[in-house]
1. Going by the conditions given, is Leu153 under 21 Å from His39 (Cβ atoms) and touching a residue at least 24 places away in the same chain (Cβ under 8 Å)?
2. In this structure, is Ala80 over 12 Å from the mean Cα position of the chain (by Cα) and either closer than 17 Å to Val4 by Cα or surrounded by 15 or more Cβ atoms within 10 Å (Cβ to Cβ) (or both)?
3. Considering only segment 83-107, state which residues are modelled with pLDDT under 95, open to solvent by less than 50 Å² (accessible area, probe 1.4 Å) and part of a strand (DSSP E or B).
4. Is it true that Gly160 is part of a strand (DSSP E or B), on the phi > 0 side of the Ramachandran plot and either touching a residue at least 60 places away in the same chain (Cβ under 8 Å) or buried (at least 21 other Cβ atoms within 10 Å of the Cβ) (or both)?
5. Take segment 34-69 and flag every residue that is assigned to a strand (DSSP E or B) and at pLDDT below 85.
6. Which of the numbered conditions does Thr118 fail, given that it passes all the others? Conditions: (1) at pLDDT 95 or above; (2) β-branched (Val, Ile, Thr); (3) open to solvent by 20 Å² or more (accessible area, probe 1.4 Å).
7. Looking at segment 16-33 only, could you name the residues that are outside any strand (DSSP E or B) and touching a residue at least 12 places away in the same chain (Cβ under 8 Å)?
8. Residue under question is Gly171, and the condition is that it be open to solvent by less than 10 Å² (accessible area, probe 1.4 Å), part of a strand (DSSP E or B), small (Gly, Ala, Ser) and in contact (Cβ under 8 Å) with a residue 60 or more places away in the chain; does it hold?
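The values are calculated or read from the model by the stated rules, or taken from the named source; none is laboratory data. Predicted model, so just to flag it, every value in this text is computed and none were measured. So basically every Cβ, Gly included, is an ideal-geometry build from the backbone, and we count neighbours across all protein chains shown. Surface areas here come from the heavy atoms of the whole protein model, side chains and all, with no ligands, DNA or RNA. Shrake-Rupley method; radii C 1.70, N 1.55, O 1.52, S 1.80 Å.
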Amino acid sequence: LLWVGLGAGTGYGWHAAGPLEYRPDLRIDGGFASSGLLHLLPEVGYQLNERFAVSLQSRHQIIPAEGTRGGRPGQPARGAHAVLLRGQWSPFGATFRPFLSAAVGGGEGFRFRFAPGTVTAQPGTDTVRGGPLVFGPGAGFVLHLGDRFALVLEARALVGAPDLAVLGEAGLGLLARF
């Protein structure tokens, strides 16, 4: 059974101490931050049997820019993109079905967003990255809406390496099965 899906979510997590990406002359302490406004999660998957599924999911994080660039060349990161190979396991098949998942992949990883003025006196949005390698566990529920459609709610943790960071994120999506 093949499916396609689209989800959206947001996240919050921990990053290690280090330089900002756009203003590498500014360093920040390790701490907690938001991943920004939104990430989109298009996905294509295959149900191997009643309990196991595999999918390929892309993660597109959107980071709105604020403030000025302070006369610096270039621009701050406006997002992060990654591709994840995911496995899912469900203890049983039903209309309302819990599942556990695991993901591994890479790309740009994910980013934490810092608004203007939140880190010393930087004039515009800046970021810290987790990645480019990304992996982590998740858990969620699928609610089947008839034979073809389902709603999905998932919470997961993504660990980024070698730029060390941990992101907790939640997402809601819609799947269409074929």
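1. The answer is no for Leu153.
2. Spelling it out, it is not the case that Ala80 is over 12 Å from the mean Cα position of the chain (by Cα) and either closer than 17 Å to Val4 by Cα or surrounded by 15 or more Cβ atoms within 10 Å (Cβ to Cβ) (or both).
3. Arg97
4. Judged against the criteria, Gly160 is not a match.
5. Keep residues of segment 34-69 that are assigned to a strand (DSSP E or B), which gives 34, 38-47, 52-62, 67.
Once the filter is applied, which keeps residues that are assigned to a strand (DSSP E or B) and at pLDDT below 85, segment 34-69 yields only Gly67.
6. The failed condition is (1).
7. If the condition is that a residue be outside any strand (DSSP E or B) and touching a residue at least 12 places away in the same chain (Cβ under 8 Å), then Ala16, Ala17, Leu20, Glu21, Tyr22, Arg23, Leu26, Asp29, Gly30 are the ones that fit.
8. It is false that Gly171 is open to solvent by less than 10 Å² (accessible area, probe 1.4 Å), part of a strand (DSSP E or B), small (Gly, Ala, Ser) and in contact (Cβ under 8 Å) with a residue 60 or more places away in the chain.
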